[in-house]
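We did not get these values from a lab; they are worked out from the coordinates using the rules stated. Quick caveat, the model's predicted, so the values are computed rather than measured. Counting neighbours? That spans all protein chains shown, and the Cβs are built from the backbone with ideal geometry, glycine included.
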Amino acid sequence: MTETTVRVGAAVALRGLRKRFGEVRAVDGVDLLISPGEVVALLGPNGAGKSTTVDMLLGLTRPDEGDVAVFGRGAREAVADGVVGAMLQSGALLDDVTVAEVVGLVAALHREPLPVREALARAGIADLADRRCAKLSGGQKQRVRFALALVGDPDLLVLDEPTVAMDVETRRQFWQSMRAYTATGRTVLFATHYLEEAEEYADRVVLMRAGRVVADGSVAQVRAAVSGRTLRAVVPGAREHDLARLPGVRSVDVRGDRVALTCGDSDTALRALLAAHPAAHDIEIAALGLEDAFLALTGALTGDLTGDLTGDLTGDLTGAPIAALAGEDTDR
């Protein structure tokens, strides 16, 4: 396998990526083009291959097959040149140094870094400059990792679950900082489990399942790929197996007495539900949201609706030395 230039005009170009770990096919033929300036969310259930794909993009893992290019460079060359900044799921900070000192240490590894104070300000943590890393909360440590990714002033920023361990207010502040960063026209690829983050901040959503891309498009396109409506209700004594057999129902999610039915025909499903469960109440019917599309396309519910949607959604969309910050991949 050689890392070659696949498409010079693309910020990211992945062609035919495959990676196995023993008998596990972690990534199975991923093709992805990201244009400069795009903000792309990478979604998928645990084990979908997101982190392995990110590792190959960053040159941390070599593909068994396929090609990687970042702004026309091979993955490792792009990282060495400071073109890419990464915020990964883990990576220990030095407890006995201050935030400004640890960012300064990473800045020294880059050819043309941002001033440390500017990197801290962009990450929204200027007030933490003199605090020792051992005194930081989990959310604050994530913000420091964000500053470490920014200090090299990269053209591409790769974020793997960036808001893990952040509380609601810290998440809000983080994305406020991200808005300012993306307003400069930089390219961002972020993996997240928070679907509302993808819906609010991404220009484009790439959905992975079992090592493959099953959907690729705007949030509206991904939602539209799964036709139908969602019927939500409180159904005392609901059993998933029984609900899945109702006419008009394609997939079922049961959480206690609360049920969500993905329906091809919501009128038929509602009549059948009330006939079988006359005590059902608090009934709502709505168009599918991104979460509903995510569950359907990844086969996380009873039904598996992927079908031929991949071709429909992926066909026309073109889209600091990091090893020091990398942790173990937990999403093979």
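Structure values in brief
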read-out: For the stretch 238-286 and the stretch 15-50, distance of Cα centres in Å; value: 34
read-out: Calculated [θ] (222 nm, deg cm²/dmol) that DSSP helices of n ≥ 4 give over the chain, each run adding -39,500 (n - 2.57); value: -8500 deg cm²/dmol
read-out: In the stretch 181-266, the trypsin sites (Lys or Arg not before Pro) that fall in loop regions by DSSP, at most 14 other Cβ within 10 Å; value: ARG239, ARG245
read-out: Part-to-part distance (alpha-carbon centres) for the stretch 178-211 and the stretch 80-107, which is given in Å; value: 22
read-out: Fraction of antiparallel bridges per DSSP, the chain only, in percent to nearest 5; value: 70
